[in-house]
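The values are calculated or read from the model by the stated rules, or taken from the named source; none is laboratory data. Every value quoted in this text rests on a predicted model; they were computed, and no experiment measured them. Backbone-built Cβ (ideal geometry, glycine too); neighbour counts: all protein chains shown.
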């Protein structure tokens, strides 16, 4: 598909194929580590993986939703105890330390569950001094991606490329100050929500994530 004419994606696989066209230079320029944010980022990364014959793994990050309005992000957490909070959102919603703590504890349990379910006993890929392409199915506030970037900086990643099919312009602009590069297909002025830009934005299941990961185990390199 010619990404110059894209105004909506059929599904996450289609979005990944469109995004792959924007990532050619990054794949050719060395041997990047391809990481997906589950669950929605996994089918996108799988399409990129199949395009280039490049293995991928998951990087588990959890959004911290505002109590009672869980789809509205006030931050995110990642492995290793990384917590990213939007203090303005926390203050505007009148949340205190205990409110935030309850959400962090709940999402930490889910983070642990997904680590065990998706990764099992596999070690995380070594990202030290390497280029990392970090994939999701889209960004709204970018808080989840910020947590992932912070985790990768802690792991001393050499160069971080955020790759998403769609993002609001202001979010992409802000993430460009955190990552080394942000690659998108669409940056609409009137964003509304990530799902607005997909014909099929049905939820990705745990089973689909595991199937896509296991389907490319044959060429996954050894992790350290």
Among the residues that make up segment 116-124, is at least one of them out of contact with any strand residue (DSSP E or B) (no Cβ under 8 Å at 6 or more places or on another chain), assigned to a helix (DSSP H, G or I), modelled with pLDDT under 95 and over 20 Å from residue 176 (Cα atoms)? yes
Is it the case that some residue within segment 48-57 is closer than 19 Å to residue 202 by Cα, in contact (Cβ under 8 Å) with a residue 40 or more places away in the chain and in contact with a strand residue (DSSP E or B) (Cβ under 7 Å, 6 or more places away or on another chain)? no
Take the conditions modelled with pLDDT under 95, assigned to a helix (DSSP H, G or I) and surrounded by 17 or more Cβ atoms within 10 Å (Cβ to Cβ) and apply them to residue 27. Does it pass? yes
Scan segment 30-47 residue by residue and report those that are assigned to a helix (DSSP H, G or I) and touching a residue at least 60 places away in the same chain (Cβ under 8 Å). 41, 42, 43, 44, 45, 46
Which residue out of 77, 83 is in contact (Cβ under 8 Å) with a residue 12 or more places away in the chain, surrounded by fewer than 20 Cβ atoms within 10 Å (Cβ to Cβ), assigned to a strand (DSSP E or B) and within 17 Å of the chain's Cα centre (by Cα)? 83
Out of (1) within 19 Å of residue 80 (Cα to Cα); (2) in contact with a helix residue (DSSP H, G or I) (Cβ under 9 Å, 6 or more places away or on another chain); (3) touching a residue at least 40 places away in the same chain (Cβ under 8 Å), the odd one out for residue 208 is which? (1)
Of all residues in segment 156-192, how many are touching a strand residue (DSSP E or B) at 6+ places or on another chain (Cβ under 7 Å), assigned to a loop (DSSP other than H, G, I, E, B) and surrounded by 17 or more Cβ atoms within 10 Å (Cβ to Cβ)? 2
Being surrounded by fewer than 17 Cβ atoms within 10 Å (Cβ to Cβ) and closer than 18 Å to residue 151 by Cα is the filter here; which residues of segment 112-121 pass it? 112, 115
When you look at residue 138, is it within 30 Å of residue 68 (Cα to Cα), touching a helix residue (DSSP H, G or I) at 6+ places or on another chain (Cβ under 9 Å) and at pLDDT below 95, yes or no? no
For residue 68, work out the one condition from (1) in the same structural domain as residue 104 (by TED's automatic domain parsing); (2) in contact with a helix residue (DSSP H, G or I) (Cβ under 8 Å, 6 or more places away or on another chain); (3) at positive phi it doesn't fulfil. (2)
